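Colleague: There's a structure below that I have some questions on.
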Amino acid sequence: MEPDEASLNAAVPEDHRSGFVAIFGRPNAGKSTLLNRLLGQKIAIVTPKPQTTRRRLLGIKTSDDCQMMFIDTPGYHRASGLLNRRMVDNALRALPDADVVLWMIDSEIGPDELEEEIARRLPSGRDVVIALNKVDAVRKDTLLPMIDSMAKLAPDAEVIPISALDGEGVSQLLAAIVDKLPEGPRFYSGDTLTDESERALVAEFIREKVMLQTRQEIPYSIAVTVDTFEEKPERNLSVIKATIHVERDSQKGILIGRGGKKLKAIGASARRDIERLTGTRVFLELFVRVQREWTKRQKTLTEFGV
């Protein structure tokens, strides 16, 4: 049974703050990496490939005096194709309802035409905090010109250099966000990290391993569904069967690999993350199914949660 609002807020101070923070920016700006660092646990998948995040993901960070609901969004890009347009729409829909927009900038790229377009997309009347990310990878003397450029794009925004990878500047970023949130109650218990189901997270962990272990078009042509998720508490075991959906027969062959080796490697890597998530031993069985042109069909995209 979910706790009611009265029990959730029985011990919170009167000036407790809470609100939604939309993490927004270009692909590979570090949005999912930052979310995982903020929560201290992996719930968002991360790969070097663009368009890894396909839909909004809620991450919840709770302290004694604040509860922040972070919305990780797909990377904003000039989309072509139905799948990519749906992803950008998912990102944009997170903005109007957010109390704060956390705009992630890749300092290895810096402000460019895409960032100018993003600036025009920011909703008016919303507080914006800019996280200038990946400062661990650039010369420090390049940061001040970037900060000046960002100040011109968003004059009212606070710009904070960070490294989501090693944690530099993240505490200052959190303090800036908390300062802009309204006073309000808790909406989730203090130990809740996300409203995603374990099945949904498992599907994403599997998709991450496929993306990391395949090349070319395959990472962008796959979706994962969890067919069964059976918990066996007496054996400390979770038995999971999942299907990787691809668009062509050739992709199926690549995913399975010679003698099934590729699929086994994907399963073994995914199983380690799933065991950390569930706290149990995991038996994971993977299947591959050809679902022709699924990325071009509205109905199938909806079924796959995009």
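Colleague: Among the residues of the range 23-43, write down those that are touching a strand residue (DSSP E or B) at 6+ places or on another chain (Cβ under 6 Å) and free of Cβ contacts under 8 Å to residues at least 60 places away in the same chain.
Modeller: 32, 35
Colleague: Would you be able to say whether some residue in the range 75-83 is in a helix (DSSP H, G or I) and either among the aliphatic types (A, V, I, L, M) or at negative phi (or both)?
Modeller: Scanning the range 75-83 turns up at least one residue that is in a helix (DSSP H, G or I) and either among the aliphatic types (A, V, I, L, M) or at negative phi (or both).
Colleague: Tell me, yes or no, whether the range 20-27 has at least one residue that is surrounded by fewer than 17 Cβ atoms within 10 Å (Cβ to Cβ) and under 26 Å from residue 277 (Cα atoms).
Modeller: no
Colleague: Does any residue of the range 72-87 turn out to be among the hydrophobic types (A, V, I, L, M, F, W, C), touching a residue at least 40 places away in the same chain (Cβ under 8 Å) and touching a strand residue (DSSP E or B) at 6+ places or on another chain (Cβ under 8 Å)?
Modeller: So far as the range 72-87 goes, no, none of its residues is among the hydrophobic types (A, V, I, L, M, F, W, C), touching a residue at least 40 places away in the same chain (Cβ under 8 Å) and touching a strand residue (DSSP E or B) at 6+ places or on another chain (Cβ under 8 Å).
Colleague: Right, something else. Cβ-Cβ distance below 7 Å, separation of 6 or more or different chains: which pairs start in the range 108-122 with a residue that is modelled with pLDDT of 90 or more and end on one that is part of a helix (DSSP H, G or I)?
Modeller: Matching pairs, first to second residue: 108/137; 115/153; 116/153; 119/153; 121/92.
Colleague: Still on this model: For the range 238-273, name all the residues that are of a type outside the set (Lys, Arg), within 27 Å of residue 41 (Cβ to Cβ) and surrounded by fewer than 15 Cβ atoms within 10 Å (Cβ to Cβ).
Modeller: Listed by number, the residues that qualify are 265, 268.
Colleague: Do any residues in the range 163-182 that are hydroxyl-bearing (Ser, Thr, Tyr) have Cβ atoms under 6 Å from those of residues that are buried (at least 17 other Cβ atoms within 10 Å of the Cβ), where the two are at least six apart or on different chains, and which pairs are they?
Modeller: 163/135
Colleague: Examine the range 40-58 for a residue that is at positive phi, at pLDDT 90 or above, of a type outside the set (Asp, Glu) and surrounded by fewer than 22 Cβ atoms within 10 Å (Cβ to Cβ), and state whether such a residue exists.
Modeller: Within the range 40-58, one or more residues are at positive phi, at pLDDT 90 or above, of a type outside the set (Asp, Glu) and surrounded by fewer than 22 Cβ atoms within 10 Å (Cβ to Cβ).
Colleague: Going by the structure shown, is residue 69 surrounded by fewer than 22 Cβ atoms within 10 Å (Cβ to Cβ), under 30 Å from residue 12 (Cβ atoms) and under 15 Å from the mean Cα position of the chain (by Cα)?
Modeller: Spelling it out, residue 69 is indeed surrounded by fewer than 22 Cβ atoms within 10 Å (Cβ to Cβ), under 30 Å from residue 12 (Cβ atoms) and under 15 Å from the mean Cα position of the chain (by Cα).
Colleague: Can you tell me which residue is nearest to the chain's Cα centre (by Cα) among those in the range 197-237 that are part of a loop (DSSP other than H, G, I, E, B) and surrounded by 16 or more Cβ atoms within 10 Å (Cβ to Cβ)?
Modeller: 222
Colleague: Now, a different point. For the range 85-194, give me every one of the helices (runs of 4 or more DSSP H) that falls completely inside it and has 2 or more residues that are under 30 Å from residue 295 (Cβ atoms) and either in the same structural domain as residue 37 (by TED's automatic domain parsing) or of a type in the set (Val, Ile, Thr) (or both).
Modeller: 113-121
The values are calculated or read from the model by the stated rules, or taken from the named source; none is laboratory data. Just so you know, these numbers come straight off a predicted model, no measurement behind them. Neighbour counts run over all protein chains shown; Cβ positions are idealised from the backbone, glycine included.
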